[in-house]
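K.L.:
Let me begin by handing over the structure; questions about it come next.
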Amino acid sequence: MNLSRRRFALLSTAAATALAAPAVIRLASAQGWQGSRPKNVILMISDGAGFHTWNAASYFEFGKLGEQVYDRFPVKTLMTTYPLNTSDKPTNDQTPKVSYDPAAAWSLLPGQGDLGGEITKKKYQNYFAGYEYVKKNYTDSAAAGTALSAGIKTYNNSINFDNNGKPVKMVADFAKSAGKSTGVVSSVQISHATPAAFAAHNISRNNYAEIGREMIEDGLCDVIIGAGHPMFDNDGRYRTPAGDKAFQYVGGPDTYFKAVTGRTSYQWIETKADFEKLAKGELKLDKPKVLGVAQVHNTLQFNRSGKGMGNLNANVPDLATMSLAALNVLSKNERGFFLMIEGGAVDWAAHANDIERLIEEQVDFNRAVRAVVRWIEANGGFAENLVIVTTDHGNGMLYGPESDRFAFQPIVNRGKGQVPEVSWHYDTHTNELVPVWAAGPGAEQLLALTTKEDPHTALVGFGDIRRYHDNTDIGRLVIAAVAAEQRARAN
Ligand SMILES: [Zn+2]
């Protein structure tokens, strides 16, 4: 059926980067983009948030499901997240090595043996074959980010590199070619895998200093906001950096000193007060581009000392404030913008099997979504703004307290303000289906891409949504959305 669809290539201008573009972009319709085009595209990613992570935060915030602002979005779909292969480097082979099979993912047959945890080092028993299936062949955040930004499947560790080891164009490149502004916001380091996937190109996500240098010195994005400050520890305390490695997330010591002394194309900001002023549109900017690195090292909040919720680092903004700061800068461009906002430490809390801080991080993300939707309502509404809320993959296999005996038992709600009853079955990523919520021009095109069905997902608290598409469909959609104006002019 795909073969019978008319395919169309995205146009690129001479001003586009020299990177190889994905040759063909497929959308659902024969004509390519359908209906009106969004001026702005906002992609919000809660990193590593499987279904019950979203549900846990909703139970905590509202005592029930269905109350989040994104629950009112008109388009809801399921999405696969697996990579091309699970190699940590290019294999020069385009044959897909992994997939998603609903029957295997929900199998009630007995599982085999245990799997050792990668972070916690705990043993996780494979109580059911379905548990065992989704613990294997999972994506990392780099390949998943590349799928969402460039619309291609690739190897784990890739930041917009294909499996032949060649850089590819992604949504920020296309947005720039179309005259739009672009930005990334994250609650973890600015050069961590997910923001990097929307701002840089590198053969490996682990090359933080190279990625940070590309982001800051090449300056593709108009706004870069996140954590990764070399001069502050994870509790937001000023410190003397132990060595060059402390500077890696901001491109190394040279790039950092250039940035803070105004010798890059960005205005540097770092204090909570400045983020708050920028969020209100009250900060005077000397440069049109902003590089904001909060005064904390790895994460805004998750890696702070102590346990449980509360006692937050007081010197850093929250994700909602950072998001509004970015929107204030990007919306100055009358041609519109592309913005990626990541709740990055939801994934870190899942790796740590830390339910309290998982909820804390997901609630912070949910507040950011509410702030973005309020901004949209005041700035052209859903006629001008396409917003997609999703995750890049599951993590931790969060299920109910008796899910060792009752397969896929949902987490148990204990009411508003209470941590639900849960149990963890893993401490790293999974190959589960994940949720997508979308609103605004083009959102409905995702529905036409849901070509497959998973009959078992009634268990996950997502209503009767059963149809799913691939994560690369989001990448193709956002590229087509930002390139649409350009294509229209060229035609
Ligand atoms: Zn991730």
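The values are calculated or read from the model by the stated rules, or taken from the named source; none is laboratory data. This one's a predicted model, so the numbers in the text were calculated from it and none came from an experiment. Note that each Cβ is placed from the backbone with ideal geometry, even for glycine, and that neighbours are counted across all protein chains shown.
K.L.:
Tell me, please, whether a residue that is at pLDDT 95 or above, in a loop (DSSP other than H, G, I, E, B), touching a helix residue (DSSP H, G or I) at 6+ places or on another chain (Cβ under 7 Å) and not acidic (Asp, Glu) can be found in the stretch 342-357.
P.N.:
Within the stretch 342-357, one or more residues are at pLDDT 95 or above, in a loop (DSSP other than H, G, I, E, B), touching a helix residue (DSSP H, G or I) at 6+ places or on another chain (Cβ under 7 Å) and not acidic (Asp, Glu).
K.L.:
Looking at Phe338, Phe408 in this structure, which one is away from the ligand (no atom under 16 Å from the Cβ), aromatic (Phe, Trp, Tyr), modelled with pLDDT of 95 or more and within 30 Å of Ser177 (Cβ to Cβ)?
P.N.:
Phe338
K.L.:
Report whether or not Thr80 is of a type in the set (Val, Ile, Thr) and either surrounded by fewer than 20 Cβ atoms within 10 Å (Cβ to Cβ) or more than 16 Å from the ligand (Cβ to nearest atom) (or both).
P.N.:
Spelling it out, it is not the case that Thr80 is of a type in the set (Val, Ile, Thr) and either surrounded by fewer than 20 Cβ atoms within 10 Å (Cβ to Cβ) or more than 16 Å from the ligand (Cβ to nearest atom) (or both).
K.L.:
Related question: Being closer than 20 Å to Glu342 by Cβ and in contact with a strand residue (DSSP E or B) (Cβ under 9 Å, 6 or more places away or on another chain) narrows it down to one residue among Gly262, Gly228, Gly251; which is it? Explain how you work it out, then say what you get.
P.N.:
Working: Gly262 fails: closer than 20 Å to Glu342 by Cβ; Gly251 fails: in contact with a strand residue (DSSP E or B) (Cβ under 9 Å, 6 or more places away or on another chain).
Every option except Gly228 fails the conditions.
K.L.:
Under the condition of being hydrophobic (A, V, I, L, M, F, W, C) and surrounded by 24 or more Cβ atoms within 10 Å (Cβ to Cβ), which residue from the stretch 201-231 is nearest to Asn156 (Cα to Cα)?
P.N.:
Initial filter on the stretch 201-231 (hydrophobic (A, V, I, L, M, F, W, C)): 203, 209, 211, 215-216, 220-221, 223-225, 227, 231.
Going one step further and asking which of them are surrounded by 24 or more Cβ atoms within 10 Å (Cβ to Cβ), we end up with 211, 215-216, 221, 223-225, 227.
On the way: Ile211: 16, Met215: 20, Ile216: 24, Cys221: 24, Val223: 26, Ile224: 24, Ile225: 24, Ala227: 23 Å.
Residue satisfying both the conditions and the ranking: Ile211.
K.L.:
Could you tell me whether Gly63 is under 30 Å from Asn157 (Cα atoms) and not hydroxyl-bearing (Ser, Thr, Tyr)?
P.N.:
So Gly63 does not fit the description; no.
K.L.:
Among the numbered conditions (1) within 16 Å of the ligand (Cβ to nearest atom); (2) surrounded by 16 or more Cβ atoms within 10 Å (Cβ to Cβ), tell me where Ile119 comes up short.
P.N.:
If we test Ile119 against (1) within 16 Å of the ligand (Cβ to nearest atom); (2) surrounded by 16 or more Cβ atoms within 10 Å (Cβ to Cβ), just (2) comes out false.
K.L.:
Related question: Counting just the residues of the stretch 384-402 that are of a type outside the set (Asp, Glu) and part of a loop (DSSP other than H, G, I, E, B), which one comes out farthest from the ligand (Cβ to nearest atom)?
P.N.:
Selected residue: Pro401.
K.L.:
Follow-up question, since we're still on this one. Quick check on this structure: which one of Gly252, Gly226, Gly219 is away from the ligand (no atom under 16 Å from the Cβ), under 21 Å from the mean Cα position of the chain (by Cα) and closer than 30 Å to Val168 by Cα? Full working, then the answer.
P.N.:
Numbers: Gly252 fails: under 21 Å from the mean Cα position of the chain (by Cα); Gly226 fails: away from the ligand (no atom under 16 Å from the Cβ).
The conditions single out Gly219.
K.L.:
Given Glu421, Glu444, which one is closer than 22 Å to Leu148 by Cα and surrounded by fewer than 24 Cβ atoms within 10 Å (Cβ to Cβ)?
P.N.:
The match here is Glu444.
K.L.:
Could you list all residues from the stretch 148-181 that are of a type in the set (S, T, N, Q), in contact with a strand residue (DSSP E or B) (Cβ under 9 Å, 6 or more places away or on another chain) and more than 29 Å from Glu360 (Cβ to Cβ)?
P.N.:
Hits for the stretch 148-181 are Thr154, Ser158, Asn160, Asn163, Ser181.
K.L.:
Just checking, how many residues over the stretch 29-64 are of a type in the set (A, V, I, L, M) and either within 16 Å of the ligand (Cβ to nearest atom) or modelled with pLDDT under 95 (or both)?
P.N.:
Counting residues in the stretch 29-64 that are of a type in the set (A, V, I, L, M) and either within 16 Å of the ligand (Cβ to nearest atom) or modelled with pLDDT under 95 (or both) gives 5.
K.L.:
Here's another thing I want to ask about it. Given the criterion surrounded by fewer than 17 Cβ atoms within 10 Å (Cβ to Cβ) and more than 16 Å from the ligand (Cβ to nearest atom), identify the matching residue among Glu360, Glu377.
P.N.:
So the residue among Glu360, Glu377 that is surrounded by fewer than 17 Cβ atoms within 10 Å (Cβ to Cβ) and more than 16 Å from the ligand (Cβ to nearest atom) is Glu377.
K.L.:
While we're on this one: Of the residues that make up the stretch 40-53, is at least one within 19 Å of Tyr426 (Cα to Cα) and among the aliphatic types (A, V, I, L, M)?
P.N.:
Scanning the stretch 40-53 turns up at least one residue that is within 19 Å of Tyr426 (Cα to Cα) and among the aliphatic types (A, V, I, L, M).
K.L.:
Oh, and also: Just to verify a result, which residue in the stretch 456-475, among those that are at pLDDT 95 or above and part of a helix (DSSP H, G or I), is surrounded by the fewest Cβ atoms within 10 Å (Cβ to Cβ)?
P.N.:
Thr472
K.L.:
Of all residues being within 12 Å of the ligand (Cβ to nearest atom), over 26 Å from Leu278 (Cα atoms) and among the polar types (S, T, N, Q) in the stretch 137-195, which is farthest from the chain's Cα centre (by Cα)? Just the residue, please.
P.N.:
Asn156
K.L.:
Any residue that is closer than 30 Å to Asp473 by Cβ, out of contact with any His (no Cβ under 7 Å at 6 or more places or on another chain) and within 16 Å of the ligand (Cβ to nearest atom) - is there at least one of those in the stretch 125-133? Steps first, answer last, please.
P.N.:
Step one: of the stretch 125-133, the residues closer than 30 Å to Asp473 by Cβ are 128-133.
Retained after the next criterion (residues that are out of contact with any His (no Cβ under 7 Å at 6 or more places or on another chain)): 128-130, 132-133.
If we keep only those that are within 16 Å of the ligand (Cβ to nearest atom) too, we end up with none.
There is no residue in the stretch 125-133 that is closer than 30 Å to Asp473 by Cβ, out of contact with any His (no Cβ under 7 Å at 6 or more places or on another chain) and within 16 Å of the ligand (Cβ to nearest atom).
K.L.:
Every residue in the stretch 318-338 that is part of a loop (DSSP other than H, G, I, E, B) and under 19 Å from the mean Cα position of the chain (by Cα), please.
P.N.:
Within the stretch 318-338, Asp318 is the sole residue that qualifies.
K.L.:
Any residue in the stretch 238-256 that's closer than 14 Å to Glu270 by Cβ: show its pairings with residues that are of a type in the set (A, V, I, L, M) and not in a loop (DSSP other than H, G, I, E, B) at Cβ separation under 7 Å, as long as the two are six or more apart or on different chains.
P.N.:
Val250/Ile216; Val250/Ala259; Val250/Val293; Tyr256/Val250
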